[in-house]
Amino acid sequence: MSGGYVIGASAVASKLLGKNAELVNNVKTGKDGVVKSMYTKIIDDKGNDYECKEYPHNEFGLLGNLFLCRGLPGKVIHVTAKIRKGSLNFINCMNKGLAENFTDL
């Protein structure tokens, strides 16, 4: 996607970094490819320290929860919840409501 945005959390490509780490993706794509702004949290071997720095690769690992968009203005869904009404958790309730009401997408 040219001229869009990618945001979300994922794993780094450990084959490129040499270790497992978490990745915070904040990427803007351009006409000439990807203009990236990614940062990683690397936990040391003892599991008690980390560092945040720019991730120098265009790949991420197998796990990712990413949102892609063109960055254009448009309608959004605003949700406010005070109490639970039913047995479903928030995410399952949202998924069910969207699937029932937006069948044409």
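The values are calculated or read from the model by the stated rules, or taken from the named source; none is laboratory data. Model, not experiment: these values are computed from the prediction. Note: areas computed on protein heavy atoms with side chains; ligands, DNA, RNA excluded. Shrake-Rupley method; radii C 1.70, N 1.55, O 1.52, S 1.80 Å.
Listed by chain and number, the lysines whose C-alpha is less than 18 Å from the C-alpha of K96, apart from same-chain residues fewer than 8 away, are K85.
When the surface is traced with a 1.4 Å probe over the full set of protein chains, E51 keeps roughly 90 Å² accessible. Under 5 Å between amide hydrogens, built in the peptide plane, is the criterion, and for A13 it picks out G61 among residues at least 5 positions away or on other chains. For the residue pairs K15/K46; K28/K82; K31/K75, alpha carbon separations beyond 23 Å are given by K28/K82; K31/K75.
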